[in-house]
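Structure first, then comments.
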Amino acid sequence: QVQLVESGGGLVQPGGSLRLSCAASTSVFEFNVMAWYRQAPGKQRELVATINSADNTNYADSVKGRSTISRDSAKNTVYLQMNNLKPEDTAVYYCFLNVGGLNVWGKGTLVTVSS
């Protein structure tokens, strides 16, 4: 059973940057999709960014141009670099993995953007 553990969240001022990490417990080089979702207070969970095994990426319009999703296969880790953060980016960020027909979620890491 693959497990995902997120890290890197915290409090950051508007305009600042964060890099979130998601470490998988086992090798996921044959995965279909890895992604970052987020859920703000009182709102539904939304997709932020995806990356597939060919390193093709996609981004939500709300973060496009400010965020970069990437992966390090050797470390079984996917990253989300977020720049020029805004208060509306405040949310719990969840890592997601689809591998072999199985969907796996991390427990989330909180990002708070506030002055």
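Run down V2, V48 and say which single residue is open to solvent by less than 60 Å² (accessible area, probe 1.4 Å), out of contact with any Asp or Glu (no Cβ under 8 Å at 6 or more places or on another chain), of a type in the set (A, V, I, L, M, F, W, C) and part of a loop (DSSP other than H, G, I, E, B).
V2
Considering only region 21-39, I want to know if a residue exists there that is open to solvent by less than 70 Å² (accessible area, probe 1.4 Å), at pLDDT 95 or above and in a helix (DSSP H, G or I).
no
Just name the residue that is surrounded by the fewest Cβ atoms within 10 Å (Cβ to Cβ) out of those in region 80-115 that are over 24 Å from G65 (Cβ atoms) and hydrophobic (A, V, I, L, M, F, W, C).
By that ranking, first place goes to L102.
Could you list, in sequence order, all residues of region 51-68 that are in a strand (DSSP E or B) and either touching a helix residue (DSSP H, G or I) at 6+ places or on another chain (Cβ under 8 Å) or of a type in the set (S, T, Y) (or both)?
Once the filter is applied, which keeps residues that are in a strand (DSSP E or B) and either touching a helix residue (DSSP H, G or I) at 6+ places or on another chain (Cβ under 8 Å) or of a type in the set (S, T, Y) (or both), region 51-68 yields T57, Y59, S67, T68.
Kindly provide the set of residues from region 59-77 that are surrounded by fewer than 14 Cβ atoms within 10 Å (Cβ to Cβ) and in contact with a Ser or Thr (Cβ under 7 Å, 6 or more places away or on another chain), ordered by number.
Hits for region 59-77: nothing passes.
In this structure, does S70 turn out to be among the hydroxyl-bearing types (S, T, Y), more than 14 Å from the chain's Cα centre (by Cα) and over 17 Å from T112 (Cβ atoms)?
The answer is no for S70.
The values are calculated or read from the model by the stated rules, or taken from the named source; none is laboratory data. Since we're looking at a predicted model, the values are computed, not measured. Methodologically, a virtual Cβ is constructed for each residue, glycine included, from the backbone with ideal geometry; neighbour enumeration extends over all protein chains shown. Accessible surface is based on the protein model in full, side chains and every heavy atom, while ligands, DNA and RNA are left aside. Shrake-Rupley method; radii C 1.70, N 1.55, O 1.52, S 1.80 Å.
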